[in-house]
């Protein structure tokens, strides 16, 4: 199995959705100065488990195969 | 309509996804602020590119993690070690977490010494992938001195299978396969993994 563009889009959507509303100011600050390091910090700060979100996507695809 | 709006945009679709047991967040569940964030992201080329790279890397890592976990599932055929004359070689202690990492020759039978046998199930020689499993509880440590077959660590099959599924390492079907095996052979209820490929943190006494 390979990661498709659709899976990537879904993961992005879920990452953004997992950030609570209280993260708005930090998210806007990241948008103005985007970096992977900053993104990691943002997700960590709000306890968003990106690895688990990605695994869930892979498992879903695997179950649909 | 942008890429994000296309995904799960109707209430009916969300209900269908729920009925199929999928945990995807449908667009109908997104708050206004989340929708705005997605639109802002899509209109910011640099941020979107950064997010895409991050998502692709995370997905690549997830693919490896799931493949590694599946190989662990494949080696879950268990034996009634506790009922054999070798039971004295089994230790029990509590662990706080475990980490499984890549290595060849994951096998389904801790007492088979032949590395070329059909019990060899996977080869992760070239992978640096590690998966952290938040398992807390009793772990068995079985040193197969009798067969000169190394050491193995064991976990309660049903609990371990459900945990791997809850953490999205294995499919429901793979978890059920372990549980069904346990039901088929009562008392034969341990998932064994070669100790060489597992690091564990013992709980404080």
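All of the numbers you see were taken from the coordinates with simple rules; none came from a lab. Computed from a predicted model, the values in this text were never measured in an experiment. Cβ placement follows ideal geometry from the backbone for every residue including glycine, while neighbour counts extend to all protein chains displayed.
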**Message:** Can you tell me the orientation of helix A:5-18 relative to chain A, as the angle in degrees between its alpha-carbon axis and the longest Cα principal axis, to the nearest 10?
**Reply:** 40 degrees
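With a 10 Å Cβ neighbour count serving as the proxy for reagent exposure, in which order, fewest first, do A:46, B:142 appear? Don't skip to the answer; put the middle values down first.
Values: A:46 14, B:142 24.
With the sparsest Cβ surroundings first, the list reads A:46, B:142.
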**Fill in**
Averaged over the residues of A:5-11, the number of partner chain Cβ atoms within 10 Å of each residue's own Cβ comes to 6
**Complete:** Here the whole-number average of other chain Cβ atoms within 10 Å per Cβ of A:39-48 is 1
**Prompt:** Given 0.36 nm per residue, what is the gain on full extension from residue B:31 to residue B:138 after removing their alpha carbon distance, in nm?
**Reply:** 34.3 nm
**Asked** Sorted from fewest to most neighbouring beta carbons within 10 Å, what does the list B:93, B:160, A:27 look like?
**Response** B:93, A:27, B:160
**Message:** Multiplying the sequence separation of residue B:130 and residue B:53 by 0.36 nm and subtracting their Cα-Cα distance, what value in nm do you get?
**Reply:** 25.7 nm
**Request:** Mind giving me the FRET efficiency for residue A:29 and residue B:99? R0 is 30 Å, r the Cβ-Cβ distance, nearest 0.05 is fine.
**Result:** 0.35
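Across the residues of B:34-41, average count of Cβ atoms on other protein chains within 10 Å?
That average works out to 5.
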**Within chain A, helix-based [θ] at 222 nm, where runs of 4 or more DSSP H residues each add -39,500 (n - 2.57), nearest 500** = -23000 deg cm²/dmol
**Request:** Note down the nm distance, to one decimal, between modelled labels 7 Å out along Cα→Cβ at residue B:40 and at residue B:199.
**Result:** 3.8 nm
**Request:** Neighbouring Cβ atoms within 10 Å as the yardstick, rank B:180, B:195, A:55 fewest first.
**Result:** B:180, B:195, A:55
